[in-house]
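Asks: Quick one: structure below, then a few questions.
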Amino acid sequence: MSNMSECEPITDKKNTATLQGGEKKVMKKIVSLALSTAMAFSMFASVTSAATLTTQEKYNALVTQGIFAGYPNGEAYLDKDMTRAEFAKVVALLTGLDTTATTTSTYADPNYANAWYKPYVEAVTKAGYMKGTTTGTKKLFNPNGKVTVQEMAATLVRAAKLEIPTTGIDNGAAAWAKGEVQAAINAGLISKTANFAGAATRGLLVDTAYAYQTALSKPAVASYDVTDNGATVVFTLANGEKVTVKPTTALQPNVATTVTFKYNDFDYSESVTWKVTDASAVTSASASNLKEVMVMFNGKVDKTSAENINNYSIPDLTISSAALSADGTTVTLRLTESSTLSNNRQTTVTVNNVKQSTGSTLISGKATFTPSDVTIPTVSQVNPLGTGAVEVVFSEPVQKSSITVGGIRIDGAAVAANITPSYSSNSVIIETPLSVGDHTIRLSGVTDYSGLVMAPVDQKFTVVADTTAPTITSTTSNDLKEVTVTFSEPVRSIGSAYANSTSSTAQVSLSGRTATLTFPSNLSYSANTITLTGVTDYSGNTAATLTATVTPTLDLTAPTVVGTSVGVENNNYYVDVQFSKAVNVSDSTLTGYALNRDYYTLRNTAGTVVTGTGLTSAGHPVTAPQQVGTNGRTVRVTLGPVSSLTAGSYKFEVAGVRDLTTAQNVLTPYSTTISLTKSADTTLDRAWRDGAWVYLQFSGTVATSGNGNALEASKYRLDGAGAPANSGTTTVLTDRNTDVEIVGANTVRIYARNFTNAPTALDNKLVVASYVAKADGTYFTSNGRDGRVEATATISPSNSSITVSNTPVVNSDRQIVVTFNTPVTSIDRTSVGFTPAGSTTAIVPTSVTMSDNNKTATITLPSSTSLSFATGQLTIANVTDQFGNRGAVNQPISNNAKPVASSATATVTRTSDTAISVFIPTTREVTVVDGSSTATRNLFQASVGTTAAVAASQVSATTGGITATFAVPAGTASTTSVYVEFNGTANATTKLVVAKDADATPAGTFSVTGTAGTYTAPDTTAPTATAGTPNNATTLAVTLNEAATVTIGAVTGGVTGVTVAPANGTTTTPTFTIAGTPADGATFKFTVTDTAAAANARTYTATYATATTNWTLTTAQ
């Protein structure tokens, strides 16, 4: 494809040839293309055909150009053989021959002199492209004869002026055509084996003619279409082919633009106008006063959607009305009385869901504008309202408080009057008696919202008597509870208003010619009869009863999310969600409550919900969302601590939120990718004061020219109304550009000239930098500014301007990473101390290393430092920045170290032939969540010898560590190695083993080893006893087979008591002393219990026999 200077065409492959190829001899190219289409007839050699139009489509294109005319019945008859006359016409027109010569008659065919084909035949004959035959003395052309393939080849070779060979001729053509056919063969344009005498059809002639024309002639542009919102132009050429061109700059609606491109080596330069009737985009916005914004579209828009205020949003401001211009292309947005633009401060209007005038396509977009009010207000109309009042209309909204009776003069004199200003109509009604006739009126002191005061100018008006009562001119509804009634004239009062019946009485708010009726309950979905009584104008004319019919338009437009901004507040990440319209932020009992945490979800980029501190197991915020501002359009969602969320990209989802309409439209589900660090590169790092100088240090090199020029004084002000008392009403630091200086690539200082009386009053105030840009043009911004292009920081005294900007913790490597809000000088490790909670001795680090352009200090504690503490205190005695500001650090530190094994060796106890208990000492006390669950047990895997790893059978937290039990193969030798591994990666997500302290840091990966140990089967056999000597009525010695304790049981038969020695502890030779006089058969019982873990026991009965005077032992039953 050829290179082009302005744009590159792309051809429609269905309709055009591919624009490519190297340099070829022109004549060879002509013949090649002329014959290429004959491939389908297997007459020609293989050549490349670029065209992909059908023969019929080519025919239609050639008819359009007059080369073909078709038959009288309109049919093409492409399958018919073509005649020599038809071929002569095509060749003459294709080659541009002169066909005006009609006096010459070379041939003597019948009726030749007046034949339609004569001019074409004479032209091709004169050019030498075609020849006739001679019969006797007559030379004939034979116009109705068929054209053979050899005749076609010969004709085109002649037209191309190819060299005719005299040797090497080897083809089956007729003798007269052999040389010319051989030239075609030698050129690779015709096959040696073709049927040269075969007739060619009209279809073949069409294909040949089209290809010839495409190669030789420059087809004109027949038409064009503009698509892709002005970014693409599709040209249709006279030959039917289409060329797609993408101009380097998108076309502007209804503006003629020259578009250049190259096609088939032909250069084109065409004037193109993108004609737009329906709007397709927001083109711009402007504000010539501080209360109205003009939004311009590139065409006409639908009136209903264009005048819906819910379809527009301006950061931090509320819109009260939207009005579409008469030409349907511009919407004027009026702000509420409490919302005012800032003069010369850039802002943005966002547009959503405005329809084209045909209502077929929704338009959304943003337009950035800078309000500029430099025009004083004027009186645009004076409307007498009979003899009782006069209405004055201003050119723009004015401050109602600036309109006073003292500033009014009628006919040069002060008046006693009642005044009723109307913000919505830019007017004031002055009630005072007026005579019929001419008058003048002058108003003084009337001030607009930028402080410009109207010049007092006399305005003439003529009073006539008004005897006509007001009438209703129109009614509109807002959902089902509000109706706006417009009257024929300003109305002074309304007695009552109701819908359908007196039980549905409305609250009435009057403003000039309009009355807003608010009903306590919903109107009917169908037609409603609105009745007004006692409608009285300013001349006292009263309409007793006025009625109008209103069919409410139910708002069925779902709210959408128009933007999100990510920020950090109190060391927590948050997302501010901006909705297209007001949503329910007040009634938590309703479905769709926008402050319901379940409507907001955080996921990783793979789609898995993110959990952890600040987020539930379902990825919802733990902290309830909060409304930002007062217009119900912005909600702040807190995601959790910065320390618990890894910086990077996440998916943020919003669903379920409903608006405030009767239909309670539910939000279109929204998903976007957010970056938790995206604002860090373009923000205001810090601000401090030194005397009357305020220093602002940005996160990158500032621009010193262009729209983002950091040297413009008007860009720096204090936030809100918190200006010091001595500043008067201004919040701008200085009005002079010369007071702004660059003192570093990323730092400016501003001499706060407007606050020099008490510069200390600036301390702890929020300073705002508006539209200050980096050198690359990216604007510095801060989160939480509701979409405004502003960066903010709190002004600190210079001696406290160095602060720690992160939340330092002790990590698993016994390191504390401290990030400052500015680069600092190197820190001596001996000036650093860390004191764990409960200790009075500060630990001095082994090293302090600086990174991140000296903004980050990594403090490494000795490896011997115990990690058993929960919190501690970090102190750094002296920190200095590049500007000489000094500071110190006294920072609380929490322990964020992952619990891991404190020793590589575990204590392994063989609890049975097939089980072991492994005690793992840990660096921190831990908590185990449900140690019997599969998920917890699977975190611990033990390999015993060469056997495959198995999960733990049970896990529990014990003092100083973790105890896990595992199954082992029966007969495992005591010296068999045991290797236990803990999966810290999985635990980081499941958090089933965590630090016992409040931080609950998940345990990290570790491994320990030990040996299986010896299993000793438990003793389950009770001791045995045999009677020994002495053995008599009062004494019995017993021998036990193992050490045991002895306890005495019941006695009978004259035995009053029995004692045993030793009385305590274990023995193998207890001796019993019997008290009383045992009778024959007397008994006493005793129990022997061994020292085994099972405490095996056996009870014996001693029975006395008087015959033998001995005791006999038997096992008790």
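Asks: For segment 289-324 and segment 144-180, compute the distance between their C-alpha centroids and round to whole Å.
Replies: 75
Asks: Please report the projected area of segment 472-550's Cα convex hull averaged over all directions, in nm². Intermediate values should be presented prior to the final figure.
Replies: Working: hull surface 17.7 nm².
Across all orientations, segment 472-550 yields a mean hull projection of 4.4 nm².
Asks: Classify segment 428-518 as rounded, prolate or oblate from the Cα gyration tensor: take a ≥ b ≥ c as the square roots of its eigenvalues, call it rounded if a/c is under 1.5, otherwise prolate when a/b beats b/c and oblate if not. List each step's numbers first, then the result.
Replies: Values: a/c = 3.24, a/b = 1.67, b/c = 1.95.
Verdict is oblate for segment 428-518.
Asks: What pairs from Lys855/Lys898; Lys178/Lys218; Lys246/Lys651; Lys80/Lys118; Lys291/Lys366 go past 30 Å between their alpha carbons? Provide the component values of the computation, followed by the final result.
Replies: Details: Lys855/Lys898 26 Å; Lys178/Lys218 33 Å; Lys246/Lys651 34 Å; Lys80/Lys118 22 Å; Lys291/Lys366 19 Å.
Result: Lys178/Lys218; Lys246/Lys651 exceed 30 Å.
Asks: Counting other Cβ atoms within 10 Å, which trypsin sites (Lys or Arg not before Pro) in segment 215-311 have at most 13 and lie in a DSSP loop? Numbers along the way, then the final one.
Replies: On the way: sites: Lys242, Lys262, Lys275, Lys291, Lys300, Lys303; in loops: Lys275, Lys291.
Hits after loop and neighbour filter: Lys275.
Asks: Which aspartates and glutamates, on any chain, are close to Lys481 with Cα under 17 Å apart, when same-chain ones fewer than 8 places away are left out?
Replies: In chain and number order, the partners are Asp555, Asp659.
Asks: Mean separation of Cα pairs under 8 Å and 6+ residues apart, divided by the residue count of segment 561-675: what relative contact order is that in percent? Write down the numbers at each step before the final one.
Replies: Working: 258 pairs, mean separation 33.2, N = 115.
Here the relative contact order equals 29 percent.
Asks: Enumerate the aspartates and glutamates that Lys262 could reach by cross-link, defined here as Cα to Cα under 18 Å, with residues fewer than 8 away along the same chain left out.
Replies: Glu6, Glu8, Asp12, Glu23, Asp225, Glu241, Glu270
Asks: What's the angle, to the nearest 10 degrees (0 to 90), between helix 84-95's Cα axis and the longest principal axis of the chain?
Replies: Around 70 degrees separate the two axes.
Asks: The list (1) 31.2, 100; (2) 34.6, 104; (3) 50.1, 180 gives values of Rg and Dmax of the Cα atoms in Å, and only one came from this structure; which label was calculated from it?
Replies: The listed entry that was calculated here is (3).
Asks: Which aspartates and glutamates, on any chain, are close to Lys146 with Cα under 20 Å apart, when same-chain ones fewer than 8 places away are left out?
Replies: Once the sequence-local aspartates and glutamates are set aside, what remains near Lys146 is Glu75, Asp79, Asp81, Glu86, Asp109, Glu122, Glu180, Asp207.
Asks: Which value, in debye to the nearest 20, describes the size of the charge dipole of the chain about its Cα centre when Lys and Arg Cβ atoms bear +1, Asp and Glu Cβ atoms bear -1, and nothing else is charged? Each step should come with its number before you reach the end.
Replies: Values: 71 positive and 76 negative charges, 462 e Å.
Using only the charged Cβ atoms, the result is roughly 2220 debye.
Asks: Next up: Simple spin-label model, 7 Å along Cα-to-Cβ: Thr909 to Thr258 in nm?
Replies: It works out to 9.6 nm between the two label points.
Asks: Using +1 at the C-beta of Lys and Arg and -1 at the C-beta of Asp and Glu, which of Thr975, Ser496, Leu556 has the Cα lying farthest in the positive direction of the dipole of the chain?
Replies: Thr975
Asks: Could you give the distance between the Cα centres of segment 635-686 and segment 860-879, to the whole Å?
Replies: That distance is 36 Å.
Asks: Here is a follow-up. For segment 151-195, which trypsin sites (Lys or Arg not before Pro) are in a loop by DSSP, counting at most 15 other Cβ atoms within 10 Å?
Replies: Numbers: sites: Arg158, Lys161, Lys178, Lys192; in loops: Lys161, Lys192.
Here the trypsin sites (Lys or Arg not before Pro) that fit, given the DSSP loop and packing criteria, are Lys161, Lys192.
Asks: Something else: Rounded, prolate or oblate: which one fits segment 77-228, using the alpha carbon gyration tensor with axes a ≥ b ≥ c (rounded when a/c is under 1.5, else prolate when a/b beats b/c, else oblate)? The partial results should precede the final answer.
Replies: Working: a/c = 1.79, a/b = 1.12, b/c = 1.59.
Judged from the Cα gyration tensor, segment 77-228 comes out oblate (a/c at least 1.5, b/c at or above a/b).
Asks: Can I ask one more? Quick check: from the Cα gyration tensor, does segment 907-1011 come out rounded (a/c under 1.5), prolate or oblate?
Replies: Prolate, because a/c is 1.5 or more and a/b exceeds b/c.
Asks: In addition: Roughly how tilted is helix 55-64, in degrees to the nearest 10 and between 0 and 90, from the longest Cα axis of the chain?
Replies: Computed tilt is about 50 degrees.
Asks: Moving to a separate point now. Averaged over every viewing direction, what's the projected area of the C-alpha convex hull for segment 409-461? Give it in nm², one decimal, please. If you can, show how the numbers build up before the last one.
Replies: Details: hull surface 16.8 nm².
Its average projected convex-hull area is 4.2 nm².
Asks: How tilted is helix 149-160 with respect to the longest principal axis of the chain? Cα atoms for both, answer in degrees (0 to 90, nearest 10).
Replies: Relative to the chain, helix 149-160 is tipped by roughly 80 degrees.
Asks: Output the relative contact order of the chain, whole-number percent, from Cα pairs under 8 angstrom with separation of 6+ residues.
Replies: On the way: 2683 pairs, mean separation 49.3, N = 1117.
For the chain, the relative contact order is 4 percent.
Asks: Now for a different question. Please give the Cα centre distance for segment 1042-1101 versus segment 245-269, rounded to the nearest Å.
Replies: The two parts, judged by their Cα centres, are 118 Å apart.
Every number in this text was worked out from the coordinates using simple rules, so none of it is lab data. Owing to the predicted nature of the structure, the values given are computational and were not obtained by experimental measurement. We place every Cβ from the backbone using ideal geometry, glycine too, and count neighbours over all the protein chains shown.
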